[in-house]
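The values are calculated or read from the model by the stated rules, or taken from the named source; none is laboratory data. This one's a predicted model, so the numbers in the text were calculated from it and none came from an experiment. Neighbour counts run over all protein chains shown; Cβ positions are idealised from the backbone, glycine included. The protein model used for the area step is the full one, side chains on, heavy atoms only, and it has no ligands, DNA or RNA in it. Shrake-Rupley method; radii C 1.70, N 1.55, O 1.52, S 1.80 Å.
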Amino acid sequence: MKLFWRNGYQTTSMQMLEKEMGINKFSIYSSFGNKHGLFLESLKCYKGQVNVVLDKFKNASNGVDDIKQFFYDSVSSNFKDDNIKGCLVTNTYNEFSESEDALIKEEMTAFMNNLKELIIEKLKLDGSKDLKTIEKQANFLLLAKHGLAAAARVNSKKEIEDYIEMTFINI
């Protein structure tokens, strides 16, 4: 998973996977079918880790403050490991945006739809907003989350924190 996260799907070779996993190609093919199967399993593993942050977000009840905290929580691990930046799901979403890979697109779409629904749910806690405003803000925040994940690959912690603070000034 970490190898795909660092390098992306296309750049990760079978030789790199063999070395990282300490097993040969035959074992990889036997266990996962192929590189694509291993990648899908890596995405599932990653989503399992992300679910801890998503569950915290889902179970919170402070509306916009919860969304903002989710933004902070989703990038906090990037500052602990300099070799891994951004979000594997966002990186994959970007890498496969032009791909015809139905399985990857299905995984990415489901994840993004779930995230958008959670954002909408939190925005609805502010009774002063109409549905049209909530939809616009949800779209904005989902795009901001994509931008945040991409920026976390190259920007400093201070720049990321400033980005998050500025994102929420008018929400």
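Applying the criterion of being at pLDDT 85 or above and among the aromatic types (Phe, Trp, Tyr) to the residues of the range 71-105, the residue that is surrounded by the fewest Cβ atoms within 10 Å (Cβ to Cβ) is TYR72. Which of the residues that make up the range 18-47 are of a type in the set (Phe, Trp, Tyr), surrounded by 13 or more Cβ atoms within 10 Å (Cβ to Cβ) and more than 14 Å from ASP101 (Cβ to Cβ)? Residues satisfying the conditions are TYR29, PHE32, TYR46. With respect to (1) within 27 Å of LYS2 (Cβ to Cβ); (2) part of a helix (DSSP H, G or I), the lone exception for GLU98 is condition (2).
Of everything in the range 48-70, what is closer than 28 Å to ALA102 by Cα, in contact (Cβ under 8 Å) with a residue 60 or more places away in the chain and open to solvent by less than 40 Å² (accessible area, probe 1.4 Å)? Give them in sequence order.
Kept after step one, since they are closer than 28 Å to ALA102 by Cα, are these residues of the range 48-70: 48-55, 58.
Going one step further and asking which of them are in contact (Cβ under 8 Å) with a residue 60 or more places away in the chain, we end up with 54, 58.
Result: LEU54, single match.
Tell me whether the range 145-164 contains one or more residues that are assigned to a loop (DSSP other than H, G, I, E, B), closer than 15 Å to SER74 by Cα and among the hydrophobic types (A, V, I, L, M, F, W, C). Yes, there is a match, as at least one residue in the range 145-164 is assigned to a loop (DSSP other than H, G, I, E, B), closer than 15 Å to SER74 by Cα and among the hydrophobic types (A, V, I, L, M, F, W, C).
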